[in-house]
Amino acid sequence: MVQGIAQTNKVEKFILLLFSFFLAFGKYDPFHTGGLYFDAITVFSLIVIFSNANKNRLWSKEYSRQYFLLFSIAILFYIATMFYGLSFTNDIPLKVKYLFAITIFIFFSYKFSEDESLKYKSLLLFGLACGLIAVGYKLGLFNSQFQFNKGRLLIFGENPNSISARLAAGFIILYYNILEDPLRLGKKRFLLAVFLIPLILFVIDTGSRGSFIILILAFILLTIVSKIHIAIKFFLGLLSVLSTSYLLIALANSSLLSRFQEKDLTGGRERIWNIIFEIVQNNIWGVGEEGYLIEMGLISDRVQDAHNLFLYLLVCGGWLALTLFLIFLWKLFLKSYEQFRQKNVLPFIFFVFFVFLMTKTGGIMTYLIMWYFLAYINSYSNFKLKSV
């Protein structure tokens, strides 16, 4: 068993693992509570973590600087709104969700850094939940929850890119556990392989090019870098070759292949990005979230998400907000790179994965999955970076 810095009591562990499991289900509400069940689990998780936290470590310089950057961005958004000429907000839920997402990042950064065993158990449960979704979909258990739109799978009422990102992350976690066995599961970990093919097929059905590319590249990188015995690597390689023909057939019959053949790689996002640059030229300090909605409506007669977190930060909070976020990402990159040097490639893979999603996904600023994985990366100490 992986040893952590601190032990976690049973109630706290149960709540946090429950959060990790249901986080994978996104908007799906098996209890028909209108999403309240997950909100309750989340609130309980945060309360339990905070009540048991070592306050000195929770707010240590190593971590609090990251929190300061994120909270500063929220303040800059509000100031930009004021300068734009709006003294009120019409979009309180978005701001609350962002602060809520930051809170998730803060507390899970702390908890994962304190208890390494819990960190890997949390990730594994997230991956298992993703695997169950993929298998359940293939078995027809979610027939009432999905539909196809232009050949792309929509399930649980979510954007195909959103759900595919979750399940691609789940695939990466399960494959990592098979190779590295961080929880010392022994031969039992190979049972996780039963979820891998359904997860790939699910991502193919969503038609998400980005998630599919990251999944394949992560598979290759994990296999190459893993310290697993060369005989097992050879077996996995052979199994991959045998599975390729089946996956190619699925790929040929999906919308994913046709999307790879499209000339418009941005999916129409370029027009939105040009409008954003037009707004920024006259408002270098940003226009706030409400200002963005107004300006976008005036120019295009349609209110559309920026589908790029960096541009969204730029247009809403100006160059300063974007700069603060880039500093935040740079610190995460350094941690992930240091782990990469130590042959732990998982943080680096997830860093690249979610930075890539930031460039193309709408609404990602409040995407809890992203903040959960960024917290995982942030939980690693930067102490060894001094030797770089």
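The values are calculated or read from the model by the stated rules, or taken from the named source; none is laboratory data. Since this is a predicted model, take the numbers as computed values, not measurements. Cβ: placed from backbone, ideal geometry, glycine included. Neighbour counts: every protein chain shown.
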_Taking the condition of being closer than 27 Å to residue 356 by Cβ and either in a helix (DSSP H, G or I) or under 24 Å from the mean Cα position of the chain (by Cα) (or both), how many residues in the stretch 296-313 meet it?_
12
_Can you pull out every residue in the stretch 157-186 that is in a helix (DSSP H, G or I), over 20 Å from residue 219 (Cβ atoms) and either modelled with pLDDT under 90 or touching a Gly at 6+ places or on another chain (Cβ under 6 Å) (or both)?_
160, 162
*Kindly provide the set of residues from the stretch 100-138 that are at pLDDT below 90 and under 28 Å from residue 155 (Cβ atoms), ordered by number.*
100
*Can you tell me how many residues in the stretch 108-150 are touching a Leu at 6+ places or on another chain (Cβ under 9 Å) and of a type in the set (Lys, Arg)?*
3
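Just to check your reading of the model, which residue among 146, 171 is under 21 Å from residue 250 (Cβ atoms), surrounded by 23 or more Cβ atoms within 10 Å (Cβ to Cβ) and without any contact (Cβ under 8 Å) to a residue 60 or more places away in the chain?
One residue alone meets the criteria, 171.
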*Across the stretch 313-360, what is the total count of residues that are within 22 Å of residue 210 (Cα to Cα), free of Cβ contacts under 8 Å to residues at least 24 places away in the same chain and aliphatic (A, V, I, L, M)?*
1
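Any idea how many residues of the stretch 139-186 are among the hydrophobic types (A, V, I, L, M, F, W, C), over 16 Å from the mean Cα position of the chain (by Cα) and under 20 Å from residue 127 (Cβ atoms)? First the steps, then the outcome.
At the first step, the residues of the stretch 139-186 found to be among the hydrophobic types (A, V, I, L, M, F, W, C) are 139, 141-142, 146, 148, 153-156, 163, 165, 167-169, 171-174, 178-179, 183, 185.
With over 16 Å from the mean Cα position of the chain (by Cα) added as a condition, the list becomes 139, 141-142, 146, 148, 153-156, 178-179, 183, 185.
Within this subset, residues satisfying the condition of being under 20 Å from residue 127 (Cβ atoms) are 139, 141-142, 153, 155-156, 178-179, 183, 185.
Looking only at that region, the number is 10.
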*residue 350 is checked against (1) more than 30 Å from residue 281 (Cα to Cα); (2) assigned to a loop (DSSP other than H, G, I, E, B); (3) of a type in the set (A, V, I, L, M, F, W, C) and fails just one. What number does that condition carry?*
(2)
*Which condition breaks for residue 205 when tested against (1) under 20 Å from residue 368 (Cβ atoms); (2) acidic (Asp, Glu); (3) assigned to a helix (DSSP H, G or I)?*
(1)
